[in-house]
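Down below is the structure, laid out as structure tokens.
The values are calculated or read from the model by the stated rules, or taken from the named source; none is laboratory data. Keep in mind that this is a model prediction, so the values were computed, not measured. A quick note on method: Cβ atoms are made from the backbone with ideal geometry, for glycine too, and the neighbour counts reach across all protein chains shown. For the accessible areas, the whole protein counts, side chains as well, though only heavy atoms, and no ligand, DNA or RNA atoms are used. Shrake-Rupley method; radii C 1.70, N 1.55, O 1.52, S 1.80 Å.
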Amino acid sequence: MRTIVITGGTDGMGAALARHYLAVGHRVVVIGRSGAKFDALVTTTARRHPSAPDRAEFIAADLSLVADSRRVVEHLRENYDRIDALVLAASFIRQRRHVTPEGHEASWSLFFLGKYLFVTRLADLLRASERPVIVNMAVPGARADAIDFDDLEMVDGFTFRRSNAQQRRANELLGILATEQNPDLGYITWGPDRLVRSSFAGEVGMGMKVAAAVLAPLLGRSPEDAIRPIVDIIDTPAPGRAAYRGARALPLTGGAHDEKDAIRLASAVEKVL
Ligand SMILES: NC(=O)c1ccc[n+]([C@@H]2O[C@H](COP(=O)([O-])OP(=O)(O)OC[C@H]3O[C@@H](n4cnc5c(N)ncnc54)[C@H](OP(=O)(O)O)[C@@H]3O)[C@@H](O)[C@H]2O)c1
């Protein structure tokens with residue numbers, strides 16, 4: 001039995017992955033905010049797979065808070081000897097800059113600081129697996145210069161586009177750190193090949209709300225369909241970094257200073273964690 005840890009496993013693609021891995025007999029740890037969504041997911045799965053509740057754990061957390069991410073990591077370290085797959089799918093889209101009660105820019109905190117903690121602080125539990133894999137659902141392909149090292153939390157000049165590109169690039173650099181520490185690890189940045197009919201959790205403007213409400217039902221895939229390539233990646237992981245759009249492997253975005261940038265990012269982030 002493998003242990004699959006899924007942030008954002010209560011809805012959308014994260015929930016589809018949780019249902020799949022419970023159905024095929026693995027242990028699944030779901031991290032999210034809604035215990036009610038988790039209960040519904042487990043109850044539905046248990047109708048056809050009665051042992052599912054015994055193999056499912058929910059950890060309630062607001063992963064935009066560093067303290068919550070840290071608490072979840074500690075819980076996992078105390079209660080598990082091994083993690084075989086870590087899926088980073090928690091998502092809350094904010095088009096405007098928002099500061100958390102801890103003083104961090106909320107999207108940077110959710111989409112990078114928390115993920116950084118999971119990847120770096122759970123490295124030894126992943127090392128204990130024979131075929132460890134991290135699927136980081138950060139759409140690959142942001143430009144190599146998308147990070148503003150002088151203002152990581154975008155106090156000045158925040159736009160949704162800049163913030164989104166920066167966290168995506170940072171998550172690609174995080175793969176350099178993760179695979180250097182553990183050469184057996186597969187580290188995949190992954191985005192869907194087209195819109196997915198998910199909950200689109202977030203606080204967004206009318207334009208994005210309408211686009212999601214109109215386009216997703218027309219053009220979107222179901223989460224169950226969208227996760228098929230992720231299941232293939234998790235079931236047969238290859239060591240090293242890779243990037244995917246759906247089932248299509250993409251070349252990794254390379255910059256002249258990738259290793260240096262990864263170290264610079266880590267040292268900046270360690271100072272605020
Ligand atoms: N849908 C698409 O078309 C699309 C396109 C490109 C990329 N993606 C990426 O794919 C991944 C999955 O997206 P999705 O659309 O399937 O997700 P989704 O349906 O929007 O669900 C978001 C998940 O994140 C959790 N979450 C939100 N804020 C959280 C917080 N502060 N702390 C902890 N958990 C939190 C939610 O938990 P609760 O419900 O329990 O609050 C939920 O489980 C994301 O990384 C997203 O950026 C999706």
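Just how many % of Cα pairs in the range 153-227 lie over 18 Å apart, if you round to the nearest whole percent? Percentage above 18 Å: 60. Contact order for the range 151-273, expressed relative to its length and based on alpha carbon pairs under 8 Å spaced 6+ residues apart, stands at 33 percent. Rg/Rh, computed from the Cα trace of the range 13-75 with Rh as the Kirkwood radius, has the value 1.00.
Under 5 Å between amide hydrogens, built in the peptide plane, is the criterion, and for Arg241 it picks out Tyr187 among residues at least 5 positions away or on other chains. Sorted into 10 angstrom bins from 0, the C-alpha pair distances of the range 1-114 split as 15, 45, 29, 10, 1 percent.
Counting only residues at least eight positions apart within a chain, or on another chain, the lysines with an alpha carbon under 30 Å from that of Lys260 are Lys115, Lys271.
Estimated from helices alone, the mean residue ellipticity of the chain at 222 nm is -13000 deg cm²/dmol (sum of -39500 (n - 2.57) over DSSP H runs with n ≥ 4, per residue). The mean sequence distance of close C-alpha pairs (under 8 Å, at least 6 residues apart), as a share of the length of the chain, puts its relative contact order at 19 percent. For the chain, the solvent-accessible area works out to 46 Å² per residue, with a probe of 1.4 Å and every protein chain left in place.
Kindly state, as a whole number, the per residue volume in cubic angstrom of the convex hull around the alpha carbon atoms of the range 134-273.
Details: hull volume 18.0 nm³, N = 140.
Dividing the Cα hull volume of the range 134-273 by its residues yields 129 Å³.
Fully extending the segment from Val272 to Asp39, taken as 0.36 nm per residue of separation minus the present Cα-Cα distance, adds 80.4 nm.
For the range 3-272, the fraction of 1.4 Å probe accessible surface lying on carbon and sulfur atoms is 52 percent.
Projecting the Cα atoms of Met206, Thr189, Ile230 onto the dipole axis of the chain, where Lys and Arg carry +1 and Asp and Glu carry -1 at the beta carbon, places Met206 farthest toward the positive end. Amide H contacts for Ala128 (H built 1.01 Å from N in the peptide plane; partners 5 or more residues away or on another chain; cut-off under 5 Å): Ile83. With a Förster radius of 41 Å applied to the C-beta separation of Lys209 and Thr236, the computed FRET efficiency comes to 0.60.
Once you keep just the Cα pairs under 8 angstrom separated by 6 or more residues, what percentage relative contact order results for the range 42-133?
Values: 88 pairs, mean separation 31.8, N = 92.
Once normalised by length, the contact order is 35 percent.
Solvent-free Debye calculation, one equal scatterer per alpha-carbon of the chain: log10 I(q)/I(0) at 0.09, 0.17 Å⁻¹ equals -0.38, -1.53.
With a ≥ b ≥ c the root eigenvalues of the C-alpha gyration tensor of the range 53-161, is it rounded (a/c under 1.5), prolate (a/b larger than b/c) or oblate? Show your work: numbers first, answer last.
Details: a/c = 2.26, a/b = 1.68, b/c = 1.35.
Note, shape of the range 53-161 comes out prolate.
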